[in-house]
Amino acid sequence: MLNFVPMREVNMMVLKEDIDKVTDSLVKLGLIQLLDIKEVSQDLSLLHKEPAAAEREKCAELKRRIEGLAERLEIRLLPPQGKALRDIDMAQIEKKVVFWEEKSGPLLLEKERIERLKKEKEEIYTEIKMLPSWEMNLARRYSYIYISLYEIKARYWENFQREISSLIHLLVPYFQDGEIVRFVLVIMKKDQEFLDTLVNKYALNRIKTPPKDTSLLKQEIESEIRHLEEKLRQEQEKIEAWRREIEVEMRAVFFSVKKWQAFWQAREYFSHSDYVYFISGWVAEKKERILRVALERICGQRLFYESLPASDISLVKKGRLRVPVLFSHPFFLSPFENLVKIYGVPAYGMIDPTLIVAVLFVLMFGAMFGDLGQGIVLLLAGLLLRRQKKEIIKKSGVIISLAGMAAAVFGLFYGSFFGFENVLPAFWLRPLKNISYLFKLTVAFGVLVISGGIIINIINNLRFRDYRRLFFGKAGLISGVIYWASLGVVVRFIAGLRNPFFDACGIILFLSLMVFLGERFLIQKGGEEEKEKKSALAYIFEKLMEIFEIFLGYLTNTLSFIRIAAFSLAHIGLFVAIFSLADIIRKASGNSWGAGLVIVFGNIFIIFLEGLVVTIQVLRLEYYEFFSRFFNRQGEEFKPLRVEES
């Protein structure tokens, strides 16, 4: 679990007559991440490349068109059942997509037109409902307002609305048919002159015969809305019938397009002569035999097949060829892979930190959030999320469940149940009564975590044969010895311990500093030329600054783990505040209902808010204090050629 899945490089030579079947098989199996053969061997640089980019782009465009059409028709593009690979020809696919677009277009446009009209009528109806019921008497003279009815051509309607908006007015359209708009206009009498200019500008016709009273107008618009709803229902029935007719076939066509896209994507990596194709790629060691057997079944004796462990490849050793990384963990660890990937993908050959990340995350979260009751709530919430279909939610559920279990265990250690400390005995300690001990313990824990990061860095550099980083890096062996010896010296003087080990720490520290200062003479970084460019004084000053940075960095990193104790105390402090507020409410009201609600909602508040804060703090400690020790090489994730079935 501390190593990534071993990878192998496979190189193949396939006859031209077999290449289509071989490509189909590679796509279907989904086991190989292809390499450009010219990156693997310069001897093959004169081979031809397959002109596949145009075909792949064509597939991508068809895929986008089908996705857009499916979205408008509300068709879920689920994987089809029992369909063979590339079972539909591209020419047929294009014809089908064009046919679907031509048939769907008018149906969808008509539906959208009716929906737009219905929305406009509903907006008019909303405005008319605000008017009181009156029988309009246009002959009546009002002292301050002017009321009239007008008709305007539809193409001027928006511009008229924009210009009239500068006045205090009420504008209610009551008839629209695409050609004209009829409306009721109410303005202040003082603005009548400005209205006259708009009447001339937009050729408004004044309507002398008013519509019926507003109550009848409402009824007419209601009738129009009902009519539009009926038309919309009919259009939706037509679309539903059309959707049922093409749904299954569209899914099959969509996934055929994806398979064709993967087919041509694969061909972009191939190189070939007149009769032979050359293929190269990465495959997981445990799956390599499956790939070889499948290709031998297609090609028989016509296949040349070579498989090499990644560690034996000269280009990999020289750092000119990057090996992809494949994580492989049981279900309870795989969610923590995402926490590693947020920081970065480790290089192939490094120690896989996923297991360590999981253990540290669970331990630190439990220590900061220790409460049996709240831990059980988180555990149950995580188990509920595990039942969801989305993979990211299921993985989040695993992390929450494990964090909840840790919080429940530490709750038993602390004797806390939803903040009550008189329900359970403390199986270990009460944080508020052991503050000094808790702080010392978290610092010691920090020393272990940082030391673990240094050891991982040493192992990684040994694997990569990077001896300069191994000995003289900021988390290398010499820096580690300086850190550990410094801790020994500090413990000796603070605790007053006198034994040969702690007495030797001062000597070890001095010798380590001398070795670190002598890096220039022990390792040639840039040859004699670079060595001569920098004076001895400048070199010593630079190394002293590096030593100061190492001391300061390790000191702050170690003390940073005090936040584990601080947040465990803050967790209890929040409970104290909630119980104090509940007690005040109980005394003021004379009953326990209000106090009980404060405690319940206070616990909910702590679970959500402090749960989030503690998670952020745990990740911060892992990323900045632990990962920064050894995460100095970036890799790439293994992405095999395959058709995604979602």
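Let's test the formula: R0 of 25 Å, r as the Cβ-Cβ distance of Leu429 and Asp583. What FRET efficiency results, to the nearest 0.05?
With a Förster radius of 25 Å, E is 0.45.
State, to one decimal in nm, how far the label point of Ile207 lies from the label point of Gln634, with both points 7 Å from Cα in the Cβ direction.
The two pseudo-label positions are separated by 6.7 nm.
If you count only protein heavy atoms and use a 1.4 Å probe, how large is the accessible surface of Tyr623, to the nearest 10 Å²?
We get 30 Å² for Tyr623.
Relative contact order of the stretch 530-646: what whole-number percent is it, with Cα pairs under 8 angstrom and at least 6 residues apart?
22 percent
When only Cα pairs under 8 Å and 6 or more residues apart are kept, what is the percent relative contact order across the chain?
Computed value for the chain: 21 percent relative contact order.
Work out, step by step, the length gained on full extension between Phe493 and Lys390: first 0.36 nm times the residue separation, then minus their alpha carbon distance; give nm to one decimal.
Using 0.36 nm per residue and subtracting the Cα-Cα distance, I get 31.5 nm.
Projected area of the chain, taken from the Cα convex hull and averaged over every viewing direction, in nm²?
50.8 nm²
Let me test this: with uniform point scatterers at the alpha carbons of the stretch 226-379, what is the Debye-based log₁₀ I(q)/I(0) at q = 0.09, 0.12, 0.13, 0.21 1/Å?
Per q value, in the given order, log10 I(q)/I(0) is -0.67, -0.89, -0.93, -1.41.
In square nanometres, what is one fourth of the surface area of the convex hull spanned by the alpha carbons of the stretch 318-469?
11.5 nm²
Using only alpha carbon positions, build the gyration tensor of the stretch 558-642, then give the equivalent ellipsoid semi-axes as the square roots of 5 times its eigenvalues, largest first, whole angstrom.
43, 18, 5
Run the quick spin-label model on Tyr539 and Ile616: label points 7 Å from Cα toward the beta carbon, then report their separation in nm to one decimal.
Inter-label distance under the simple model: 4.7 nm.
Assuming R0 = 51 Å, what is the FRET efficiency of Ile342 and Ala52, from their Cβ-Cβ distance, to the nearest 0.05?
So the FRET efficiency works out to roughly 0.90.
With an 8 Å cut-off on Cα pairs and a minimum separation of 6 or more residues, tell me the relative contact order of the stretch 389-434 in percent.
In percent, rounded to a whole number, it is 25.
Taking 0.36 nm per residue of sequence separation and subtracting the Cα-Cα distance, how much length would be gained by fully extending the chain between Ser592 and Gln161, in nm to one decimal?
149.1 nm
Would you mind finding the longest exposed-site-free stretch of the chain, with exposed GluC sites (Glu not before Pro) meaning DSSP loop and at most 12 other Cβ atoms within 10 Å?
Here the longest segment lacking exposed loop sites spans 180-643.
How big is the dipole moment of the stretch 323-479 about its Cα centre under a simple scheme where the beta carbon of each Lys and Arg is +1, that of each Asp and Glu is -1, and everything else is neutral? Debye, nearest 20, please.
Dipole about the Cα centre, nearest 20: 320 debye.
Apply 1/(1 + (r/R0)^6) to the Cβ-Cβ distance of Asp196 and Lys103, taking R0 = 60 Å, and write down the FRET efficiency to the nearest 0.05.
Step by step, r from the Cβ atoms, then E = 0.70.
Suppose the chain between Asn422 and Glu247 were pulled fully straight at 0.36 nm per residue; how much longer would it get relative to their current alpha carbon spacing?
So the chain would gain 56.8 nm between Asn422 and Glu247.
Tell me, what is a quarter of the convex hull surface for the C-alpha atoms of the stretch 381-425, in nm² with one decimal?
3.1 nm²
For Val613, Val172, write out the residues from largest to smallest accessible area, computed with a 1.4 angstrom probe and no ligands counted.
Val613, Val172
Using only the alpha-carbon atoms, how far is helix 214-267 inclined from the longest principal axis of the chain? Give it as 0 to 90 degrees, nearest 10.
40 degrees
So which aspartates and glutamates can Lys96 reach, going by Cα to Cα under 20 Å and dropping same-chain residues fewer than 8 places off?
Partners found: Glu55, Glu57, Glu61, Glu67, Glu71, Glu74, Asp87, Glu240, Glu245, Glu247, Glu249.
Compute the angle between helix 611-620 and the longest alpha-carbon principal axis of the chain, please, reported from 0 to 90 degrees and rounded to the nearest 10.
50 degrees
Considering only protein heavy atoms, what is the solvent-accessible area of Lys96 at a probe of 1.4 Å, reported in Å² to the nearest 10?
We get 60 Å² for Lys96.
Leaving out ligands, DNA and RNA but keeping every protein chain, what accessible area does Leu78 have, in Å² rounded to the nearest 10, with a 1.4 Å probe?
Its heavy atoms expose roughly 70 Å² to the probe.
For each pair in Lys111/Lys258; Lys258/Lys639; Lys341/Lys395, compute the distance between the two Cα atoms and list the pairs where it is over 23 Å.
Cα-Cα > 23 Å for Lys111/Lys258; rest within.
Compute the distance from the alpha-carbon center of the stretch 409-459 to that of the stretch 571-628, in whole Å.
19 Å
Glu240 versus Ser143, label points 7 Å from Cα toward the beta carbon: distance in nm?
Between Glu240 and Ser143, the simple spin-label model gives 5.9 nm.
From the backbone phi of the stretch 314-329, what are the Karplus-calculated ³J(HN,Hα) couplings (6.51 cos²θ - 1.76 cosθ + 1.60, θ = phi - 60°) in whole Hz, Gly and Pro given as x?
5, 5, 5, 4, 7, x, 8, 10, 8, 8, x, 9, 10, 7, 8, 9
Express the accessible area of the stretch 376-473 per residue in Å², computed with a 1.4 Å probe while the remaining protein chains stay in the model.
57 Å²
Along the three principal axes, how long is the stretch 175-285 when you take its alpha carbons, biggest first, rounded to the nearest angstrom?
That gives 88, 37, 30 Å along the principal axes, largest extent first.
The values are calculated or read from the model by the stated rules, or taken from the named source; none is laboratory data. These numbers were taken from a predicted model, which means no experiment stands behind them. Quick reminder, even Gly has a Cβ in these numbers, built from the backbone with ideal geometry, and neighbours come from all protein chains shown. Ligands, DNA and RNA are excluded from the accessible area calculation, which covers all protein heavy atoms including side chains. Shrake-Rupley method; radii C 1.70, N 1.55, O 1.52, S 1.80 Å.
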